[in-house]
Amino acid sequence: MNNTLEMNDRVAFFSERYAAAREQIARDIVGQEEVIDGTLIALIAGGNVLLEGVPGVGKTRLVRSVGRTLDLLFSRIQFTPDLMPADVTGTNIIEKDEKGNNVQRFVGGPIFSNIILADEINRATPKTQSALLEAMQEHRVTAGGQTWMLMEPFFVLATQNPIEQDGTYALPEAQMDRFMFKLLMTFPSPDELMKIVSITQETEQERAVQVMNGEELLAMRETAKQIPVIDEVLRYAVRLVTATHPESPEAAETTRREIRFGASPRAVQALITGGKILALTEGRYNVSYDDINALALPVLRHRVKLTYEALMQKRTPDDVILALLDELNGRKKTRRA
Amino acid sequence: MNRSDPMSAVIRPFRTRLVLYAAIRALLTALTAGCFAWGAAVLMGKIRQTDAGSLPWTAAAAVAAAVFCLALIVFFPSRKETARQIDALGLKERASTMLALRNDPSGIAFLQRNDALRTIDMTGTRGMRTGIRRLSVILLLLALLFAAACRLVPAAWFARAADPLDEVWEQVLEMLREEEIRLEERGEETLAGEMQDLIESLEEMDRENVLRAVGEINGTEEAAKDAARNGEADRGAMKEMLDVLEEARRALLGEEEEEAAEEGEEGQMQPGGEGEERMPGMGEEGEDGMPMPQDGEERGDENGMGPGSGEPGMDGVSRQTEPVYDPISGSVPYGDVFSAYYSEYLRDAEDGEIPFEVQEAARAYFAGLDQ
């Protein structure tokens with residue numbers, strides 16, 4: 001019974017803090033509900049997020065707002081072509097000790113923080129982008145032959161611009177795979193735009209206030225992990241990811257025609273982990289097929305590579321994934337969410 | 001799952017409804033199968049030209065009952081299926097998870113079960129899918145149509161056309177049986193035995209195989225002659241028997257009408273020639289050295305006359321003869337060939353083998369001959 005009461009309290013705490021964080025972020029970001037939810041789910045799950053949108057839609061503001069909501073260290077790295085790996089991870093400097101001898105000392109870069117905003121990540125060279133790889137996946141940095149553990153929670157929110165591709169370096173697949181979600185920030189509607197203007201006329205500063213700290217975030221993560229997933233739902237998530245592989249026997253017809261490379265096993269992990277948190281945010285204690293379907297786009301859209309034919313027909317990864325979901329669920333056609 | 005536990009209590013209305021749907025589906029399937037079985041039994045009776053009696057209803061009831069039981073077993077909802085159907089009402093896998101966690105003592109499982117029970121309790125059974133597929137209904141309609149068609153189709157459609165050959169065979173057998181009785185009455189045991197063997201042989205024989213039957217008759221003739229020669233049978237009785245056998249052979253070969261036509265002819269009969277095609281047992285000489293009756297012989301002699309043409313043999317059996325026209329004299333009676341030539345003309349004209357402009361002249365020619 002104590003176990004149940006404790007779990008009940010933890011779930012109640014989760015719901016309360018999630019709602020509070022969402023409310024605070026919504027004070028700064030008008031609309032973009034799916035992006036806010038996706039960012040918070042990834043934050044709780046311990047995943048990283050790649051935000052893509054045209055300039056001015058609030059990518060950087062969203063990240064700053066998330067940073068303010070959480071009582072966590074926040075760093076911003078503006079990626080540029082001349083940014084070096086050491087500028088991200090830190091470097092060894094030579095300094096005099098008390099006896100006057102030269103000694104090396106590691107000075108951590110901006111990555112030693114809880115929340116990292118990697119702004120316009122595709123403007124940096126692949127070498128610098130790769131400096132983020134180890135940090136994003138293993139939460140540690142190796143510099144000067146020494147390995148430094150990063151702080152927990154650690155969360156990378158990268159942004160990139162889908163236009164202005166001159167002088168940019170597309171992120172390699174290995175690095176893309178390390179992002180739990182890729183969220184698309186769409187242009188706001190006229191009503192949302194009017195609201196944005198009125199808010200920013202009052203103040204340019206973010207208005208979100210801190211509602212939780214790092215420890216609470218980790219506790220929420222632990223709560224979410226407890227959510228059960230029945231075998232059928234787990235099998236469905238596996239089938240969805242397997243179906244993105246054209247060489248797989250379970251590949252869907254859409255896949256064989258339009259997908260060149262499928263999603264990695266990290267996609268299944270992201271679907272299930274994200275599904276658990278999504279279920280909790282909706283007041284459920286179990287993961288459903290709908291949760292998996294809802295997360296299919298942010299989880300898979302940056303993990304599948306389309307064939308030349310699909311690109312020629314101006315098909316986007318979202319189009320292909322929706323067609324895949326329709327095929328798997330025996331539906332005629334799903335409208336784009 | 002204990003029937004008294006809250007999980008069972010909450011699920012029971014859904015399960016009851018699913019059982020009802022399963023029964024309806026099983027009933028539909030059974031009705032479909034029953035209709036097909038009934039129609040098939042009725043149709044079989046009509047094809048076999050027998051009165052099916054109560055067989056169609058018995059067959060339909062048996063098949064329907066068996067299919068109903070089988071279908072009910074197949075369609076009967078398991079607990080997992082019940083949970084799945086409840087989830088389909090928009091419960092987002094709450095019921096399935098509850099079922100999977102029913103023995104889990106953890107706190108989250110307890111919360112999940114409570115949440116599921118509360119949500120299911122608020123959900124009505126009204127929106128549940130019946131599981132009756134359109135295909136099942138279409139199949140039932142098809143089965144009903146099939147049964148109705150089988151009932152309404154006239155039995156005459158399946159009646160076999162009377163085969164004239166069957167009638168001939170029956171006549172021949174009857175004729176032989178009567179002769180066998182006569183022979184027995186006369187005390188001709190050997191001949192009666194031979195006749196009985198022949199009858200049995202013909203009764204077992206495929207009625208399409210006329211030539212074989214004729215061969216059997218010829219063999220019996222030889223046996224009868226041997227019996228007479230050996231003194232085992234009276235020659236008069238043997239001759240009567242040979243007459244009957246000859247009549248039977250002619251009937252089988254359909255030569256009565258031909259014979260009747262031949263009887264009108266005088267002379268100009270052709271005997272069998274060498275190299276002619278013979279049927280089993282045919283063409284052999286009788287005891288007096290005269291050729292035995294030979295059916296289907298081809299003309300071989302140049303003069304068209306042969307030994308025994310148109311004459312009875314020693315046994316008094318007349319031989320098959322055909323009119324032959326003397327090519328030397330060139331006298332061909334028009335009356336004999338007119339109908340054949342005219343038929344040929346009509347057939348060719350109908351087949352389009354005679355040019356249209358020639359047809360009129362040909363018709364005038366035949367009209368002139370006819371006069």
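The values are calculated or read from the model by the stated rules, or taken from the named source; none is laboratory data. Just so it is clear, the model here is predicted, and its values are computed rather than measured. In this analysis, Cβ positions are derived from the backbone assuming ideal geometry, glycine residues included, and neighbour counts consider all displayed protein chains. Keep in mind that these areas ignore ligands, DNA and RNA; they rest on the heavy atoms of the full protein, side chains included. Shrake-Rupley method; radii C 1.70, N 1.55, O 1.52, S 1.80 Å.
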Taking the condition away from chain B (no Cβ under 14 Å) and modelled with pLDDT under 90, does residue A:19 pass?
no
Which numbered condition residue A:11 misses (of (1) within 14 Å of chain B (Cβ to nearest Cβ); (2) modelled with pLDDT under 85)
(2)
Collect the residues in the stretch B:210-225 that are open to solvent by less than 60 Å² (accessible area, probe 1.4 Å) and either free of Cβ contacts under 8 Å to residues at least 24 places away in the same chain or of a type in the set (D, E, K, R) (or both), keeping them in residue-number order.
B:221, B:222, B:225
Answer yes if at least one residue in the stretch B:96-112 is closer than 16 Å to residue B:21 by Cα and either touching a strand residue (DSSP E or B) at 6+ places or on another chain (Cβ under 6 Å) or within 11 Å of chain A (Cβ to nearest Cβ) (or both), and no otherwise.
no
Considering only the stretch A:269-292, state which residues are open to solvent by 30 Å² or more (accessible area, probe 1.4 Å) and not hydroxyl-bearing (Ser, Thr, Tyr).
A:269, A:276, A:282, A:283, A:290
Only one of these conditions is not met by residue B:51: (1) closer than 26 Å to residue B:125 by Cα; (2) without any contact (Cβ under 8 Å) to a residue 12 or more places away in the chain; (3) open to solvent by 80 Å² or more (accessible area, probe 1.4 Å). Which number is it?
(1)
State yes or no: is residue B:130 modelled with pLDDT under 85 and either open to solvent by less than 80 Å² (accessible area, probe 1.4 Å) or within 13 Å of chain A (Cβ to nearest Cβ) (or both)?
yes
Identify, please: which residue in the stretch A:114-150 is of a type in the set (Ser, Thr, Tyr) and open to solvent by 60 Å² or more (accessible area, probe 1.4 Å) and is, among those, nearest to residue A:61 (Cα to Cα)?
A:142
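For every residue, the table says whether it meets (1) open to solvent by less than 70 Å² (accessible area, probe 1.4 Å); (2) over 16 Å from the mean Cα position of the chain (by Cα); (3) within 14 Å of chain B (Cβ to nearest Cβ); (4) not β-branched (Val, Ile, Thr).
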{"position": "A:15", "(1), (2), (3), (4)": "yes, yes, yes, yes"}
{"position": "A:28", "(1), (2), (3), (4)": "yes, yes, no, yes"}
{"position": "A:36", "(1), (2), (3), (4)": "yes, no, no, no"}
{"position": "A:49", "(1), (2), (3), (4)": "yes, no, no, no"}
{"position": "A:72", "(1), (2), (3), (4)": "yes, yes, no, yes"}
Residue A:301 passes all but one of the listed conditions (1) away from chain B (no Cβ under 14 Å); (2) closer than 30 Å to residue B:98 by Cβ; (3) touching a Pro at 6+ places or on another chain (Cβ under 8 Å); the exception is number (2)
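Of all residues being surrounded by 19 or more Cβ atoms within 10 Å (Cβ to Cβ) and not in a helix (DSSP H, G or I) in the stretch A:254-265, which is farthest from the other protein chains (Cβ to nearest Cβ)? Just the residue, please.
Once the filter is applied, the top-ranked residue is A:259.
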Condition first: among the polar types (S, T, N, Q) and either more than 10 Å from chain B (Cβ to nearest Cβ) or open to solvent by 50 Å² or more (accessible area, probe 1.4 Å) (or both). Now tell me which residues in the stretch A:206-243 satisfy that.
A:210, A:213, A:226, A:242
May I ask you to list pairs of residues, at least six apart or on different chains, whose Cβ atoms are under 7 Å apart, with the first in the stretch A:266-287 being away from chain B (no Cβ under 14 Å) and the second being open to solvent by 30 Å² or more (accessible area, probe 1.4 Å) and among the β-branched types (Val, Ile, Thr)?
A:268/A:238
Looking only at residues in the stretch B:113-127 that are of a type outside the set (Lys, Arg) and open to solvent by 50 Å² or more (accessible area, probe 1.4 Å), which one is nearest to the other protein chains (Cβ to nearest Cβ)?
B:114
Boolean, residue A:50 is touching a Phe, Trp or Tyr at 6+ places or on another chain (Cβ under 6 Å) and hydrophobic (A, V, I, L, M, F, W, C):
yes
Is there any pair with a first residue in the stretch A:25-43 that is over 14 Å from residue A:69 (Cβ atoms) and a second that is acidic (Asp, Glu) and surrounded by fewer than 24 Cβ atoms within 10 Å (Cβ to Cβ) whose Cβ atoms are under 6 Å apart and which are 6 or more apart or on different chains, and what are they?
A:30/A:192; A:31/A:192
Write out, first by first residue and then by second, each pair whose Cβ atoms fall under 7 Å of each other, whose residues are 6+ apart or on separate chains, and whose first residue, in the stretch B:170-197, is in contact (Cβ under 8 Å) with a residue 60 or more places away in the chain and closer than 13 Å to residue B:244 by Cα while the second is open to solvent by 50 Å² or more (accessible area, probe 1.4 Å) and not aliphatic (A, V, I, L, M).
B:175/B:247
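Pick from B:80, B:92: which is within 14 Å of another protein chain (Cβ to nearest Cβ) and out of contact with any Lys or Arg (no Cβ under 9 Å at 6 or more places or on another chain)?
The unique qualifying residue is B:80.
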What's the number of the only condition in (1) touching a Gly at 6+ places or on another chain (Cβ under 9 Å); (2) surrounded by fewer than 23 Cβ atoms within 10 Å (Cβ to Cβ) that residue A:111 fails to meet?
(2)
Is it true that residue A:75 is polar (S, T, N, Q) and not in a strand (DSSP E or B)?
no
